[in-house]
Amino acid sequence: MNYKMRILKNASFVFSLAVLSTSAHAQGERSLSLNEAINLGVQNSKQLKISKAKIDAAISSLQESKDRRLPDLSVSGSYLRVAKPTINLLINLSSGSGSSGSTPSVDQAMYGMANASIPLFDGFKNHAAIESAKYLQKAVTLDAETDRQQVVQNIVAAYSNLYKANAAVNLVKENLKQSHQRSTDFSNLEQNGLLARNDLLKAQLQESNIQLSLLDAESNLRVANINMDLMLGLPEMTSLQLDSSSFSSSNDPQTLSHWESLAFDNRTDFQSLAYHEKSAKAGIQSARSAYYPTIRLTGGYLALNVPNAIQVSDAWNAGVGLSYNVSSLWKTGASVSSAKAQLQQVQASQEMLNDNIKVQINQAYEAYFLSLKKIDVYAQAVEQANENYKILKNKYDNSLATTTDLLDADVQQLQAKLNYAYSKADAIVAYNKLLQTAGVIAK
C-alpha cells in the first residue's frame, strides 16, 4: 500500500506541474522588454491623462486672459405693450397763447441699442494677468513632465517586481524538483533499511515547505502580472514574458557632484517653482493695479420708436470713459500683502526644494552604489552556497554529515540564488531612481 501511495504521490506531483504549465500557455502571452513597458505605460497612464487635462486648462486660462483685451460689445432691444398712460406735460408745447397741446395716445414702445467699449488702460492689470497665466502654463507643463518621470520610475519598479516574482517561481520550482527527488531517494533508502525514518520525514517536511513557498511565489507572480497589465493598459490576463537582459547590465555611478549638477539643470519641479515665482510677482503687479483708474474707449447706437409720440434714429455716440474706485486706496493694501505672501511661500519652497534635491541625490546615489556592491557579494554567495552544498552532499553520501546539515545547505543555496536574482533587479531600479532624482530618467 505504501508503494502505491508513493506512485500516486509522484504522479500527482508531475500532473500538477503539467497543469501549471498548460494553464500558463492557455492565457495570452506577450514578450515585453523594459523599454516597451515604459512606452506602453506612458501612453496609457491615467495620471498623465490628468496632467494633460491640467495643461489644457492652463492654456484655456491663458487664452481667457488674452481675450480680455478684446472689445466688449453688447446689443439689446425690446418691444413693450403699455397701458394708456396719463400724461401731464409741465411745459407748454402750443404755438399760440391760451391753448394747450393734445396728449398723444401711447400703447406701445420699441427700442434697440448697441454699446461697445475697448479698454485703453486698466493699471496694467490685464497685462499682469496674461503674464501670470503664461508662467502658470509653463509651470503646469513642467509639473506634467515631473509626473511623467514618476510614471516611468513606477513602471521600472513594477517591471522589477514582476521579474523578481517570476525568478522566485522558477528557482523555487527547480528547488522543489530537487527536493522531490531527494524525498524519493530517501524513501527508497528507508525501505531498504539504509536510512532512519526520521531523516525521511525531515526531507518530506522540507518538500512540503517548498511547496508552500511555491504557492506563495505563484500568487505573488499573478498579482504582479495583473498589476503590470493594468499599468500598461493590456488585457488583465495577459501573461508577460520579461526580457532578462534588462537586468544584466550595470551603469557607471560617476561622481556625486555630477548627479547634483544634473539635478539642478534638469529637475522639472525645480524649474516649475521658478515659473511659479514669476507668476507670483505678476500677481503682485495685478493686485497693485487697483490703485490706478480705468480708462475705456466707448461707442454706441440707439434707436427708439414710440408710436404717436416720438421716434429716434441714427443716435450714434462715442467717447472716452474714466472710472476710479476711491475705496481702493484703503482696500487694495490687503490684496497686495496677500500676493506678496504667496511670493514668499514660493521662494521658501524653492529653498526647501534646493536642500531636498541634495538629500535625495545623496540617498539615491548611495542606494545605487550599495546595490552594485550587493550584486558582487551575492554572486560570491551563490558560488559559496553551491560549493557548500556539494561538500555537504559528498559528506552526507559518506555518512560524515547529517540530514539536517544537507537540508540546511539546500535552503542556503536557494536563498543565495534568490538574493542574487533580486539584487540585479534592485540595481536597475536604484539606477533609474537616481536618474529620476536627477531629472533625466525620461531622457
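Bear in mind that the values in this text are calculations on the coordinates, not laboratory data. Predicted, not measured: the structure shown is a model, and the values here were computed from it. FYI the Cβ positions are ideal-geometry reconstructions off the backbone, even for glycines, and counts take in every protein chain you see.
Quick notes
- The stretch between Ser349 and Thr298, if pulled fully straight at 0.36 nm per residue, gains 13.8 nm over its current Cα-Cα span.
- Sites Tyr111 and Ser327 - FRET efficiency at Förster radius 30 Å, r taken between beta-carbons, to 0.05: 0.30
- Above-threshold pairs, the threshold being 21 Å between Cα atoms, out of Lys164/Lys202; Lys52/Lys138; Lys395/Lys424; Lys49/Lys138; Lys54/Lys278; Lys358/Lys424: Lys164/Lys202; Lys395/Lys424; Lys358/Lys424
- Region 141-246, relative contact order [Cα under 8 Å, separation at least 6], %: 34 percent
- Within straight-line reach of Lys390, meaning a Cα separation under 14 Å, sit the following aspartates and glutamates at least 8 residues removed in sequence or on another chain: Asp405, Asp408, Asp410.
- Listed options for log10 I(q)/I(0) by the Debye sum over Cα atoms at q = 0.07, 0.10 Å⁻¹ are [x] -0.65, -0.93; [y] -0.35, -0.71; [z] -0.60, -1.04. The value calculated from this structure is the one marked [x].
- Computed about the Cα centre, the dipole magnitude for the chain is approximately 900 debye when only Lys and Arg (+1) and Asp and Glu (-1) carry charge, each at its Cβ.
- Cleavage-rule hits (trypsin sites (Lys or Arg not before Pro)) in region 348-435: DSSP loop, at most 14 neighbouring Cβ within 10 angstrom: none
- In summary, the helical segments of the chain meeting the span-like criteria, namely a full DSSP H run, a Cα extent along the axis of 20 angstrom or more and a mean Kyte-Doolittle hydropathy of at least -1.0, are 2-26, 46-67, 125-191, 197-232, 268-288, 328-397, 403-437.
- Stretchable slack from Gln380 to Asp314, in nm (0.36 nm times residue separation minus alpha-carbon distance): 13.9 nm
- Sites Gln191 and Arg222 - FRET efficiency at Förster radius 45 Å, r taken between beta-carbons, to 0.05: 0.70
- Projected label distance in nm at Tyr79 and Lys52, using a 7 Å step from Cα toward the beta-carbon: 5.0 nm
- Region 279-383 shape via C-alpha gyration tensor axes, a/c threshold 1.5: prolate
- Reachable aspartates and glutamates from Lys46, criterion Cα separation under 13 angstrom, eight or more residues apart if same chain: Asp147
- Among Tyr301, Tyr420, Tyr163: highest mean-square fluctuation, GNM of the chain, C-alpha pairs under 10 Å: Tyr301
- Most mobile listed residue (Met231, Met352, Met110) in the chain, GNM with C-alpha springs under 10 Å: Met110
- For the residues Asn44, Asn354, Asn192, a GNM of the chain with alpha-carbon springs under 10 Å puts the largest fluctuation on Asn192.
- By the helix-only formula, in which each DSSP H run with n ≥ 4 contributes -39500 (n - 2.57) and the sum is divided by residues, the chain has a 222 nm mean residue ellipticity of -24500 deg cm²/dmol.
- For region 363-403, the residues whose amide N sits under 18 Å from a probe point set 7 Å from the Cα of Leu205 along the beta carbon direction are 402-403.
- Surrounding net charge for Ile130, when Lys and Arg each add one and Asp and Glu each subtract one, Cβ distance under 15 Å: +4
- Of the trypsin sites (Lys or Arg not before Pro) in region 144-197, not one is in a loop by DSSP (not H, G, I, E or B) with at most 11 other beta carbons within 10 Å.
- Potential extension, Asn154-Asn398 segment - 0.36 nm per residue separation minus Cα distance: 82.7 nm
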